[in-house]
Structure formats: C-alpha cells, structure tokens
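A quick write-up on the structure given underneath.
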2 protein chains.
Amino acid sequence: MDPVGIGGDPLEELKSFLRFPSISTQPEHAPDLASCAEWLWEKLTAIGLTAAIHSTPGSPVVLASSPHDPAKRTVLIYGHYDVQPPEPLAGWTTPPFEPRIENGRIHARGAADNKGQILAHILGVSETLREKGALPVNIIFLIEGEEEIGSPNLEAFLREHREELACDLVAISDTAMGPGNKAALTYALRGIAAMELLVRGPARDLHSGLFGGAVANPATVVARLVASLHDTDGRVLIPGFYDAVRPLEPWERAAAADLEKAAGGDDAIKELAGVIELSGEKGFTTIERIGARPTAEVNGIGGGYQGEGTKTVLPKEAFAKLTFRLVADQNPAVILAAAEEYLRAQTPPGILLEITTGHSGAAYQSDPNSTDGLAARKALKEAFGTEPLLLRDGGSIPILATLKEILGVDSYLLGLANPDCRIHSPNENMLIENFLGGIRMNKILLEELGKAS
Amino acid sequence: MDPVGIGGDPLEELKSFLRFPSISTQPEHAPDLASCAEWLWEKLTAIGLTAAIHSTPGSPVVLASSPHDPAKRTVLIYGHYDVQPPEPLAGWTTPPFEPRIENGRIHARGAADNKGQILAHILGVSETLREKGALPVNIIFLIEGEEEIGSPNLEAFLREHREELACDLVAISDTAMGPGNKAALTYALRGIAAMELLVRGPARDLHSGLFGGAVANPATVVARLVASLHDTDGRVLIPGFYDAVRPLEPWERAAAADLEKAAGGDDAIKELAGVIELSGEKGFTTIERIGARPTAEVNGIGGGYQGEGTKTVLPKEAFAKLTFRLVADQNPAVILAAAEEYLRAQTPPGILLEITTGHSGAAYQSDPNSTDGLAARKALKEAFGTEPLLLRDGGSIPILATLKEILGVDSYLLGLANPDCRIHSPNENMLIENFLGGIRMNKILLEELGKAS
C-alpha cells in the first residue's frame, strides 16, 4: 500500500522531514537547513513536479511547479522548512528532533510550525496527481527556510522571480484551527517589529559594594526601560503607538465574542496558556487583545550573574529582546522609530544605549467573503466537517504583505495546527488527524479553486 | 635565602594559595575548598602554630594559635580562603586560577580578596617567630571558607568555640588601601541583605504572538518590580528604607570631602569604575554615597531567550538577584521584610512571586581613635610611610557585627588591597608591594598591640 505515491506512509514522510534541526536563527545549523531543502527537492521531484533549490544570502528557497497550463488558474502554496530553536531543552519529554508519536499526536520541533502543514499540501498534490494524473489548477510550491527570522531574503527573491511566481492567489497553512480544533479560516494576522536593547555602563563588572551607589547599574536601567513600555493597565506608553491602529468593525467584535464563547471563554484560554489569571490592555476582550490589538513583549532579558547563589556584582551591561505585535494599519518602521526615540529619551547619564532593530513586517488582512475566500471555506468544511470559524491570529506572517505588494494577490490562510500544538515551546506537536485532514483539504481546495476560474 | 621560614619566596607561597579554585557559591567546588583548607593547615603548622581544621555544614574553618601566655594580650586575625566565582571567564587575560605576575602585580581570582591579605599576616607572624622566637601577643588565626556567601556557618562556630576564641581585639585585612594606594584604616563598612525574586507566569514558555496581550509577561513584571526600587534621582522607594539610617556627623562629611579631594575627585572615580558619568542618590557626594548611604542593586536579571537572534517567546518565568547595602543602624531583617512587602503589593494578577532571602549582615563601625585604633594607625604608617586615611568602605563584612556580639570585642580593618585590584571582577590583582608591606605591617602591629596591654 502506497497511498501517497512517494514512498509510503505519510507519517513516515513527516518523521523524516522533522529529523532535520533546521533552526534558522542559529548560524551553526546552516548545513541542516541545506540538507532539509535537498530532502524537499527530492520529495517534490518524486511526486512529479519540476523542483529547484535557489540559494540566497541566507537559507535556500525551494521552488516547485506543475507544467503551466494557461487555461488553468495558478495557485501558489507557501510554507517554510525552518524552525524555532528548541530551547529550553529541559522542557522536552523526548529530544526535539527525534519525532515521537503518542496519543494521536506527533511530537517534534516543527511538527505544527510548519513542517506538518506544508507537507500535508505536498502529499495532497501527490495524491491528486496519482489519482487523476493532472491537477485542476497550476500549482507552485514556494518553501523558504527563513520564516522564523523574518524572511530577510524572501522579498528580494520574490522580486527577482516575480514572473515565474505569477499566480491568482496564495494558499497558506501556517496558522491554527479554531477552539476545540474546529476548522477555521484566518482573515487577519498581526505584524511584528523586533528590537534589541543593549545597555552598557562600566567598562567591566564592578563590585556592587565598592561602587554601588556611585554608578548607574545597567540591569536597573534595562528594567526601567522595559517597565516604561506599559502603564499599569497594560497599555503601551510609547507616544503615537496606537495612532494608526485600525478600529474593530462592529461585526468583528461580534465575531470575536462568538469565538470567545465557542472557545469556552477566558477559562479555556487560561488553561491553554497555563496561567492562573489573564491580563492585558483594558477595554478589550482576551480574543480581541490577542488578535486585534498591538502589544509590546519582552522575549528575553538578561544581565549580570546568572548562576546559582549570590555574586555581588554590578554588571557592565544588560540586554532586553523586544518584539512589538502590530495590527493594520501600523507601520513597523514608524513604530520602531517611535520606540527608539522614547527609550533614548529616558536613558540616564553614564549609560550607552545600543539599539538593534530586527525583523519586521506589517499586519495583514484578507476578505473571507471573496470568491476564493468562499472556496477556501468550502474546502475546510468538507475536509473537517464543520463550517469554518473566521479568526484573527495574534501571530505574524510578515511575508503576506510582501506577497500582496509584489505579486498583487491575496493570501488565504487555512490553518491546520491544533490549538494546543505548543508551537515555539517545548513538546510542540501536531494532531495526526489534522495532518491527514490537511491532505484531504488540499485536494478539495485545488478542485474548488479550479472551478472559480 | 628563605625569608619567611616556611619554604621560601612569599610570592611562590601566594601562588600556591591562589591555585585553588575555592569558589564557595558553587557546590561542585567543595573538594577545592577542602584542599585549600588543608594547604592552610600545613602552612600554619609549619610556621610553629597549633592548627586545626574544623568541619562545618559548609566549608571547613581553619583555626591556629600560638601557645597561650596569660600575661599577653590576645589578637585574633580573621580572614577567608574562599573566593568569588571568576565569571565572566572571557574577561580574563589569563586563566583566573593560574596566577600571573606582571608589572608588579599578581593576577588571579582571590589575589586581593582575600588570599593575598590573609597570607601577609601569616607570613608576618612567621617572620617574627623566626626572628624573635616568640610573639609580643597571643595570636589566633580564624580563616573561614564561606565569606563570599555570607558566612552562613560562622556564627554557630563562634558561639561553639567562644572560649577558645577569647581575645582583646580582632584585626582584619579584607579591605582596600586609600586613593593613590595610600595606607588607610577603615572605620565603617556597609551591611548587606540579599534577596532573589522568581517571577512565575505561564506553565511553559508561550508563543508571544499567540498569547501576547492575553497574559502577564514575567520578564515585564520582573522589570517593573526592579524599576520600582528607585525614583529617577536614585533614591530607594521601599517604604521605611531610610528610617534607621545613622546620619553622617559633620566631621565625617569633612573627612569624606578631604578623601574625595585626595582621590582626585569624581574624575578619578569615573576612571576607576570605567564609566562616562557617575550617578546615584541626590544630596550626597560620590564618596558619601559609596560609604555612608544604603543602596539597592541588581546583581543579576534574566528570563526568556538568551541566545543569538530573535525567539518570539513569552517566557514562563524571570528572575532578579538583588542585594541591599546597608549602613548603621539599619536592620537587615527589617529591610528584607519591607522590600518583600513592597514588591508583593505590586505583583499583578496571574503572577506568582517567589522570594528567597539570601545572606545578610548589619553594617559595622569601630572607633579609629581608641587605643587599639591608634596602634593600628601606627603600624600602617610605619609599614607604608604615610599617615593612614580614615575610610568608610562600601563593601560588607557581615561577620564584624557577629564578632562584636559573641566575642565582645572591636575589629580594626587594615586593608592591603590596591584600590584598582578589581575584586569580584575579571583580572583581579594585588600589588606585590602591598603584599610585602602587609608582612611588615603585621610585625609592627603585633608589637604595638603588645605594648597597649
């Protein structure tokens, strides 16, 4: 039995894909990213597509396409083969790059984000080709290796390959299903803007007794800068931060309320997050705060003695890694500039503040009631058996705004990850039924999109 | 040539002592502390004293004494053989436990704090015994291995050995010389009270996009708690923090002003600290802020992603390691309780704040104009050639208050460390002339104290 036609069991295929530690933020893993791209090239070629590995200044991009039939519409399916770092390693039940199947889930870094989801599309195309010999649309796979670091080289790649990538729409599975693992179409994602602060004081670590009280402590200063980002109600205090925020339409607030109800309310979200209380900006429900409101988060903070016990040191420097999550129509560059100005104005004498801005991308929204939006909803409904919910996602796929700008088309987000998939955390996992349902969904989606021509 | 009578060159003796990585805060170094204590026992025995190693629940205490002559006064010399951790290792020119002599200095972790200083006393006693066959006073060496972690077992040891340790005064070299490496008697030291905050939020690290805005971020909370410790003028905001602070006498402010002038003013302190500006509590000079005012310092802060690049995580926890430096007559327990109450009151819903209090000890002051104070000043003057300055030290030796309480005697602090010795920092060092001068000073000191009977 060989249901996918490229070597057997879909789960064995997924396990092979998950064994690559393709961590894009850690330079020492560049060879693993290259090997993972080659593995994809082999799969895509084996199922009957014309595939190529394109080198970039960073990780390679894998492209694959069916023979172009001008009578058919063209669907570009985007995904990524890079993953987040697995740290903290102590949190994993089994090693992050040794996939483990248990209770209907496959556990590994990248299981849900994004290897399981993009592979479902590849296997769906494979099955259709095997069963029918041809596809109802022209297909292009665009699978990059730098999504987790903000796709620094993808924009240039898109511009350079603009004609080859011409399409009618983009389909992406890189988001989650709705509450209760119900099918969902995501119509909005937050943008992101990253910034690292390095607060430098003394030329070296000092004795906190001999110098404490005489010089500014960089750990104190970084804490004061971070603390200055919010008021006690969780509202961001950077001047102008909320100026461009697109207000929620009444139908969106109603949809968010329905969703919150379907999700089991705040209690269910508490349990999912593993917290004893929820928290955040006043005046908005939890679902609204996550999907429709911008935030300023500390992803990492550090400075001074990190070991066991006490070391009475006044550290020479301290850092904070920040990311802002943005909504339409905030401009990441404007937000980063406002944050920098605000933080610099507070930096005390004797302290050097070095600011490095990281990856950024604007928020994205598409219309779930367009023809292609309705086709996507139909594919989800038929594959998973329920009318898909309409979601705003708190995460970011910065490339969506770029795809719109360069290719001039909309992206539709058909998320396959289970809501408790623990992406970016230890014990990331994907429900096997979602993975297999994703294969079915791809086949129906291409059929429906083909009809819409 | 064998000037010290216990095997030759004093510098070779010091190098042997410095090779032990006797780091008391790191449990894996317990065997190195034991070996270092044995080395001391051998030295003290070799010079003609009766020595013993006393085990404690932590590192052993080394005791040694001359035959007790009831006609003579008894001087207890206190020191410690444990050292601070050497981290960050990258800051060291050569490995911290491989002593290196360069430009008249010996470099190693512990060179100044406290191995070079206590060994100078041992070698001074050795020379006197060799030259005169007897000492002008009864001598007791009390050398512990837990000073850098707050001497958790010394108080019980002192109580248990109270009779054996009966003495007329305590002499300690565990502080620094004055500006320009001029001789100095230290008459006040700050106390210390340590506290670690562990801020716990979600059960695991979360995706900062999928949950950011919905839950309190422990890294933000720890930053807000740390930021709440000071106002923008550097004054500590914990209610009652300054209530018990003993005000400076007019003569002390004058002495501090003289000292600041002798030190070359703030410019010299800036250079010593390696900062571009000084900073701290308004209304006090730099010298006053270091020696006579209490502080709240962050020794370490951490949480979330610590690696290269970006990881969009909302961390499950974050920590801060704090120490308060206290002055007479602040009570460490009262300060810790006030800090805990203040910080707990600010902890937002959804966050669990775990507070661990660490080592603590009250500030100490003695009288530089007492008979023994004047003897100590004479020994310093004759050994180093200048009238000793009178200093307040910003560091802490918590055991001084305990010695006073249990043995009922005053401690006199004859610091031998050069002011640029970099204790607790990479490239710690001691001027060889200070080490050798300390040997001379010990001989004169015992002579002068013998006369005072």
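Every read-out reported here was derived from the displayed coordinates using simple, explicitly stated rules and does not represent laboratory data. From a predicted model like this one, the values you see are computed outputs, not experimental measurements. Positions of Cβ are generated from backbone atoms using ideal geometry, with glycine treated the same way; all protein chains shown enter the neighbour counts.
Per-residue shielding of B:225-238, expressed as the average number of other chain Cβ atoms within 10 Å of the residue Cβ, stands at 3.
Taking each residue as 0.36 nm, the span from residue B:374 to residue B:276 lengthens on full extension beyond its C-alpha to C-alpha distance by 31.4 nm. Relative contact order of the stretch B:149-251, taken over Cα pairs closer than 8 Å and 6 or more residues apart, is 12 percent. Arranged from fewest to most other beta-carbon atoms within 10 Å of their beta carbon, A:47, B:122 become A:47, B:122. Centre-to-centre separation between the Cα atoms of the stretch B:379-420 and those of the stretch B:175-213: 25 Å.
Among A:148-158, A:261-271, sorting by the average number of other beta carbon atoms lying within 10 angstrom of each residue, highest first, gives A:148-158, A:261-271. Distances, shortest first, from the label point of residue B:349 to those at the same position in the other copies read 4.4 nm; the point lies 7 Å along Cα to C-beta. For the pair residue A:132 and residue A:233, label points projected 7 Å from Cα toward Cβ lie 5.4 nm apart.
Cross-linked pairs A:381/A:451; A:311/B:443; A:115/B:316; B:261/B:321; A:261/A:451: Cα-Cα separations exceed 27 Å for A:311/B:443; B:261/B:321; A:261/A:451. Remark: A:293, B:73 ranked as B:73, A:293, counting other beta-carbon atoms within 10 Å and listing the fewest first.
Peptide B:85-96 has a mean of 2 when you count, residue by residue, the C-beta atoms of other protein chains within 10 Å of its C-beta. Taking other Cβ atoms within 10 Å as a rough exposure proxy, A:93, B:357 sort from fewest to most as A:93, B:357. The chymotrypsin sites (Phe, Trp or Tyr not before Pro) of the stretch B:185-292 that DSSP puts in a loop, and whose beta carbon has at most 16 other beta carbons within 10 Å, are B:242.
Relative contact order of chain B: 26 percent, from C-alpha pairs under 8 Å at least 6 residues apart in sequence.
In straight-distance terms, cross-link reach from residue A:72 covers every one of the aspartates and glutamates whose alpha-carbon lies under 20 Å from its own, apart from those fewer than eight places away in the same chain; here that gives A:127, A:131, A:163, A:164, A:168, A:372, A:410, A:447, A:448.
Computed from Cα atoms alone, the Kirkwood hydrodynamic radius reported for the protein assembly as shown is 30.7 Å. Here the relative contact order of the stretch A:36-96, from alpha carbon pairs under 8 Å that lie six or more residues apart, stands at 24 percent.
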